[in-house]
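Note sheet for the following structure.
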Amino acid sequence: MLLFRRVQPSTPFLKLSSIWLLACTILALTGCAKHIEQEKEVMYSIPANKHTSLSKYAAPYITAHPDKTGFYPLGDGQEAYFMRLAMIYGAEKSLDIQYYIYRDDSTSSLMTWYLYQAAERGVRVRILLDDMQARNDAALAKIAAHPNVELRLFNPFENRSMRAVGFLGDFNRLNRRMHNKAMIADGAFAIIGGRNIGDEYFSANNNVEFGDIDLLLLGKVIPDIAHQFDVYWNSEPATPVEHLVGNVKPITKADLDAWKESKLIYLTRSDYAKSLKELPVIQRLMEHSLPLYWSNAKLSYDSPNKVNADNPTNQSDDGLLLHKISAVLKQTENSLLIISPYFVPTEEGAKALANAARQGIDITVITNSLASNDVFSVHGWYAKRRKILLDSGVKLYEVKVGQEQDKKHSWLGSSRTSLHAKVFIIDQYKTFVGSYNFDPRSAYLNTEMGVFVDSPQFAEQSIQAILSSLKNTTYRLKLDNDGDIAWVDDITGKQYNTEPDTSIWLRFGAWFSGLLPIEKHL
């Protein structure tokens, strides 16, 4: 079941922005930028050492389940954050960090402090970040000046001060980003999934929360995740930050003292930080009773060379995660559950889903509503496919955004929510968790990764938990007697004939975006 087809080149448009920039003259002045010339050291992951604390902690689990992968779902934002801190705190040899977004907020800053303290005690720390997010290069270079820290930016902007100009001058390259998300500690534990690093991903933002899921992993799949990191770390687009910054200055004692004081204040005064101590998972870790699932697992990921193609419609299909996912989806016999914040099947992809539903496959799609979607242009193109899906029997649910929702954290979020999890479950047996959205951008532009786990128990429990929460967290879509889309709130029984919780201007913006030739960039 191929959800995406190649589309013809169109007017450039980023999913990351819904603003058109009129820049013909700038393009003429800047021309095409080149890759930054660089020389860098080839480095590889440090294999697991049975004498480290993390390996000793994992050993009893692994001994009881040889040749299997153990995983623990991190659906709660606070648990997901605490597990990352615990891995960093427990590391003794190596930490490898790979993310698309790494914010400069409370949770991110504390994690950086933990990483720096790990380097101070002799841990080798490698940090690989995508360069779409504008950051303070000098601050990054200061951290990377530590002898135990290496920091590289993936597919960097050559023009550091005027990124928009650089983007317009080198669109084909800079429009492709590393969306992978992974953390590996001492070759013993890893976390992969949908979360970036920032308050909204860890239930620490009072205004919005991204409902998401990661997997804490140990066992057989860990070397594969470490190898994936090495492939990206040593790839041509991964550029040492010091190559982008002149006159790098190391962190001073005064810097460290001020940094330490700010983190101590946060840890002792922040309600969020203090609440981490109450998490049940802490007791389970101490008692060695973490309830893990054990199964066969397979890591799949795009080649980092995906970002080097001159045009996404001309690149080779070899190594595309899209085709690995499509090959698995073709094996679906009974049911398919898709959870994706940005769900943009092409016309051909929507027809493939519709045909599968008509052939008797039970297909359920959970995605963001217009109100909960943080990119209205994505919704505009998804909306064009809803009727064909509903008409064929595909079940569509869109996440509510209202403040009245239960504060219990879940994959679907809480408070003012926005769905961010990327999951699909096939035949209540095989589950994919990762960074891959069901949209053309994940298919052909960004690099992605994820893991397939074969666990009927996990699949069944996940489906039951998700379905039981749908009434509270989503609107159910249907076609009314006139063939128009209606949104049903199954809690109140109220039916809406327009996109719920939205203004006329937001609806217009989404509709107008659906008219623009931008699908391949979404």
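Here are a few things to note about the model shown:
- Residue satisfying all of: in the range 180-211; farther than 25 Å from Ala91 by Cα and in contact with a strand residue (DSSP E or B) (Cβ under 8 Å, 6 or more places away or on another chain); surrounded by the fewest Cβ atoms within 10 Å (Cβ to Cβ) among these: Val208
- Cβ pairs under 6 Å, 6+ apart, first in the range 42-65 and within 18 Å of Ala226 (Cβ to Cβ), second among the acidic types (Asp, Glu): Tyr44/Asp230; Ser45/Asp230; Thr52/Glu92; Thr52/Asp186; Leu54/Asp186
- Subset of the range 451-510 (residues that are within 30 Å of Thr69 (Cβ to Cβ), of a type in the set (Asp, Glu) and free of Cβ contacts under 8 Å to residues at least 40 places away in the same chain): Glu460
- Any hit, the range 387-403, residues being part of a strand (DSSP E or B), out of contact with any Pro (no Cβ under 8 Å at 6 or more places or on another chain), closer than 30 Å to His227 by Cβ and modelled with pLDDT of 95 or more: no
- Within the range 118-130, residues that are in the same structural domain as Ser235 (by TED's automatic domain parsing) have Cβ atoms under 7 Å from residues that are of a type in the set (Ser, Thr, Tyr) in these pairs: Val123/Ser94; Arg124/Ser94; Leu128/Tyr232; Leu129/Tyr99; Leu129/Tyr102; Asp130/Tyr100, counting only partners at least 6 apart in sequence or on another chain.
- Matching residues, the range 75-98, being in contact with a Leu (Cβ under 6 Å, 6 or more places away or on another chain) and part of a strand (DSSP E or B): Gln98
- Scanning the range 503-522 for residues that are of a type in the set (A, V, I, L, M) and assigned to a helix (DSSP H, G or I) yields a total of 3.
- Condition check for Ser503: exposed (fewer than 13 other Cβ atoms within 10 Å of the Cβ) and either more than 20 Å from Asn296 (Cα to Cα) or over 26 Å from the mean Cα position of the chain (by Cα) (or both): yes
- Note on the range 122-142: among residues that are aliphatic (A, V, I, L, M) and surrounded by fewer than 20 Cβ atoms within 10 Å (Cβ to Cβ), the one that is farthest from Ser108 (Cα to Cα) is Ala138.
The values are calculated or read from the model by the stated rules, or taken from the named source; none is laboratory data. What you see is a predicted model, and the numbers here were worked out from it, not measured in a lab. Counting neighbours? That spans all protein chains shown, and the Cβs are built from the backbone with ideal geometry, glycine included.
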